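One structure below.
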Amino acid sequence: MTWSAPVAQAGLPLLAVSAVTPASVVPESTQQAIGYPSLFLLVLIGALVPVIPTGALVSSAAVVAFHQTAPFSLAMVFVTASLAAFLGDAALYWLGRRGMKSRNGSRWLEALRARAPEDRLAQAQERLAAHGVAVLVLSRLVPAGRIPVMLACLLAKWPLRKFSRGNFPACLAWAVTYQLIGILGGSLFDEPWEGVVAAIVLTLVISAVPGVVRRVR
């Protein structure tokens, strides 16, 4: 899998791919040694601070892996992304539980509340009460759905173990979904950078749909 340092384009952190840095310049083993840890770190940070478009990162990584000759590149993207997302969610939930137990709360808990509007939180609580851990899987797949459901779990006083048990398949499903978007983009174009652009555009369109629907309503 071919990577260089993260770059910013249109305000979104992206990863430069082999179309920019030819494999003949940097050995593939070196590129992989840099690329997978970078993906892990960015997805982990994105789970803790929901401002990084982690879905676009995973899709871009899948495009690059699709064009690689090294075996198991796509599998490595899946494992790296899902593990980072799971650990990031677990850390954020643990920090939120600490805030719930504290008399003064915490900045992490306040950040969760700020990103969970009252109407969406109420919907998340209703669905959580009706369907339990299954709601966690859906929340990971729906753009901007993760935080309201996580806060609903905190308010329901779910222990970390129960949350993690439901969140593990959610992170797997999330990684598979965005990786498939990347594979689709990579299969449509011969050049990796074209597939990356297509995957990012598709990811952003999918992320924008729920907001557009809410505004129309």
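The values are calculated or read from the model by the stated rules, or taken from the named source; none is laboratory data. No experiment lies behind these values; they were computed from the predicted model shown. Using ideal geometry, Cβ is built from the backbone for each residue, glycine included, and neighbour counts are taken over all protein chains shown. Remember, those area values only see protein heavy atoms, side chains included, never the ligands or the DNA or RNA. Shrake-Rupley method; radii C 1.70, N 1.55, O 1.52, S 1.80 Å.
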* Asked: Can you put Asp89, Asp119 in order of accessible area, largest first, using a 1.4 Å probe?
  -> Asp119, Asp89
* Asked: Got a number for the accessible area of Phe168? Probe 1.4 Å, square angstrom, nearest 10.
  -> 110 Å²
* Rank these residues by their accessible area, most exposed first, probe 1.4 Å: Trp158, Trp108. => Trp108, Trp158
* Cα→Cβ-extended label distance, 7 Å offset, between Leu180 and Ser102, nm -> 4.0 nm
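What relative contact order, as a whole-number percentage, does the range 35-124 give when Cα pairs under 8 Å and 6 or more residues apart are counted?
Numbers: 67 pairs, mean separation 24.1, N = 90.
After rounding, I find 27 percent.
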* To do: Compute the semi-axes of the equivalent ellipsoid of the range 56-137, taking the square root of 5 times each eigenvalue of the Cα gyration tensor, and list them largest first in whole Å.
  => 34, 16, 12
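Can you give the FRET efficiency for Val79 and Val201, using 1/(1 + (r/R0)^6), R0 = 30 Å, r = Cβ-Cβ distance, to the nearest 0.05? Provide the component values of the computation, followed by the final result.
Values: r = 26 Å, r/R0 = 0.86.
The value I calculate is 0.70.
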* Accessible surface of Met150 - all protein chains present, 1.4 Å probe, nearest 10 Å² -> 0 Å²
* Asked: Looking at the range 92-164, which trypsin sites (Lys or Arg not before Pro) are DSSP coil and have at most 11 other C-beta atoms within 10 Å of their C-beta?
  -> Arg103, Lys157
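Residue separation times 0.36 nm, minus the C-alpha to C-alpha distance between Ala130 and Glu110: what's the value?
Working: separation 20, 0.36 × 20 = 7.20 nm, distance 2.59 nm.
Contour length minus the Cα-Cα distance gives 4.6 nm.
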* Asked: Hey, rough spin-label estimate for Ile34 and Val142, points 7 angstrom out along Cα→Cβ, what's it come to in nanometres?
  -> 4.0 nm
